[in-house]
Amino acid sequence: MSCPACAATGAERPYVNNHLVLAILSTVFCCQLVGLLAVFQAGQVKFRLATGDVAGARLASRRALWIALLNVLLCLALAIVGTAVVLGFAVMKKVD
């Protein structure tokens, strides 16, 4: 499959990873709102490649990756803080 801009030169469209699997997994297992932003950016990669915007596809790919990773890190941070709070209350209850 070649892009419209590549048709004149005969070059093939370059491969740009869209990180869709990571975006979907972060949506399912972490915050859905932030995950949907990552899924949207991952979808933009294919659209931009189809229109011949390789630089825009690479930018959307980086955004999808960073948003999905941020979603996973926020989920882990909330899990750690939540565990610490629960353990703190358990220790306080045991002391009393």
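Since every read-out is calculated from the coordinates, none of them should be taken as a lab result. If you're wondering where the values come from, they're calculated on a predicted model, not measured in any experiment.
For this structure, a couple of remarks:
- Solvent-free Debye scattering, log10 I(q)/I(0), computed from the Cα coordinates of the chain at q = 0.14 Å⁻¹: -0.60
- Using 0.36 nm per residue and subtracting the Cα-Cα separation, the extra length available between K93 and I80 on full extension is 2.7 nm.
- Taking every C-alpha pair closer than 8 Å and separated by at least 6 residues, the mean separation divided by the residue count of the chain gives a relative contact order of 28 percent.
- Under the span-like rule (Cα at least 15 Å along the axis, Kyte-Doolittle mean at least 0.0), DSSP H helices of the chain: 32-50, 54-95
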